[in-house]
Amino acid sequence: MAHKRIPTLLLAIVAGVGVANTYYLQPLLHIVSVALHLSGGNAGFLITVTQAGFVVGLGVLLPLGDRFDRRFLIVLSLLLAGLFDIGAGLVTGTIPLGVSLIGVGIFSVVAQLAVTYVAAAAPPEVRSSEIAKVMAGLLAGIVLARTYSGALADLAGYHSVFLVAAAASAILALVVWLRLPAESDKHAIAFVDMWRDGFRLLQREPILRLRSFLGMLSFGAFSIFWTTMAFALSAHPYHLSSGLIGLFGFAGLAGVLSARVVGALADRGHTAFTTVISFALIALSYFAFFLTHDSIVLFVVLTATLDAGIQGAQLSNQSLIYQLAPGAQGRITMVYMVFYFLGGVLGSSLASILYGIGGWADVTIAGTIAGVLGLVVWGALALRERRWIQAIDHVDVTSGMERQSE
């Protein structure tokens, strides 16, 4: 695999289309809450169940990539995600929609299968840059998902968003089957052993523990914002429609750009710098949101800086964890992303509760705390992490494989 040309563009599209499924609903929460007669921020729990489904997919489907051909898993996940999209596009009740969204979340893990495909295939010297390219596609999917869903919902209702997404997943599944090379040299690993290996990696690798916790904080901050942003922008003093709220997704282009920059810096060993800058952006953006009351321009700018910080933190984390155990990218990603999306579930749940109690101001305080906590935790362990990274750099290929088989 290392000597073959990696179809990075196709994998980036897979990551973008896959992850988009988990973000279509964010700018639509206001109109969904009206359609389903939900009060306050209660519709935000639909995002929570989607993220909960994604956590299940991470724990069940993602580690299978270390045993089975990821091309097959990607095609299967795209098709099943499309089926649940159809369900979300046809049902009319809150509970049936929630069930459909759980399924959508489970099979949206295809985005992470695309990331682990390139992490396994790319040579070590360019791995961070190649991952950054796929992550750029993933981030573009997040951006376009919000904009597309808001605009289409204004034209044809929110059900149409999921029906079109189902068609896109089916078409992409066919392209992947025809164009993506199959993986080889897979080893037979029992599913229970994959979970056990994942927990062993978590116990053995302090970098994985630290970066998983930082990932949980960063995605918690992300979910806090996007779970309640539609409510804030549809209320006084902004009074924006779903279509206009969806345009805020373009502010996420800052995250796409930051991913490329962070990837290049990570390949040069500057993850300490990118981590500090990323969490500082998260904390400062939320604090500025707390101080902002009626400026739509500033709201756009802060959305961009917040997304840049969150995506910078994500890529900083990934650039380090994929150095830990060659051949175990699926298990490493499973551990990391379970923490990551647990942070999302906690963040979206907390945001829904806080918005119902104190509105947007309480939400921004919670986000500020998440960013500051990330800086404090990383700062407390920064010197230790430097030693951990140096230890990785001195492990040769043979001893690395021994570490994997422990």
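The values are calculated or read from the model by the stated rules, or taken from the named source; none is laboratory data. Predicted model only: the values in this text are computed from it and were never measured. Virtual Cβ from ideal backbone geometry, glycine too; neighbours counted across all protein chains shown. In case anyone asks, the SASA skips ligands and DNA or RNA and just uses the protein heavy atoms, side chains included. Shrake-Rupley method; radii C 1.70, N 1.55, O 1.52, S 1.80 Å.
Full-extension gain between Ser129 and Asp193, please, as 0.36 nm times their residue separation minus the C-alpha to C-alpha distance. Here the answer is 20.0 nm.
Normalised per residue, the accessible area of the chain is 39 Å², obtained with a 1.4 Å probe and no contribution from ligands, DNA or RNA.
The dipole here belongs to the chain: it is taken about the Cα centre, uses +1 on the Cβ of Lys and Arg and -1 on the Cβ of Asp and Glu, and is about 440 debye.
The trypsin sites (Lys or Arg not before Pro) of the stretch 1-95 that meet both conditions, a loop assignment by DSSP and at most 14 other Cβ atoms within 10 Å of the site Cβ, are Lys4, Arg5.
Taking Cα atoms only, the orientation of helix 8-20 departs from the longest principal axis of the chain by about 40 degrees.
When only Cα pairs below 8 angstrom with a gap of at least 6 residues are kept, the chain shows a relative contact order of 26 percent.
Of the options Ala232, Ala325, Ile95, report the single residue whose Cα projects farthest towards the positive end of the charge dipole of the chain (beta-carbon charges: Lys, Arg +1; Asp, Glu -1). Going by the Cα projections, it comes out as Ala325. Here the chain has 71 percent of its accessible surface on carbon and sulfur atoms, given a 1.4 Å probe and all protein chains in place. Taking every DSSP helix (H) stretch of at least 4 residues in the chain, weighting each as -39,500 (n - 2.57) and dividing the sum by the residue count yields a mean residue ellipticity at 222 nm of -27000 deg cm²/dmol. The order of the peptides 301-307, 220-226, 369-375, 93-99 by mean Cβ neighbours within 10 Å, most packed first, is 220-226, 301-307, 369-375, 93-99. The candidate values are [x] 101, 74, 35; [y] 61, 46, 33; [z] 66, 58, 39; the one derived from this structure for Cα extents along the principal axes in Å carries the label [y].
Think of the chain as a dipole: +1 on every Lys or Arg Cβ, -1 on every Asp or Glu Cβ, centred on the Cα centre; then among Ala288, Phe219, Ser160, Phe219 lies furthest on the positive end. Relative contact order for the stretch 114-179: what is it in percent, counting Cα pairs under 8 Å that are at least 6 residues apart? For the stretch 114-179, the relative contact order is 17 percent.
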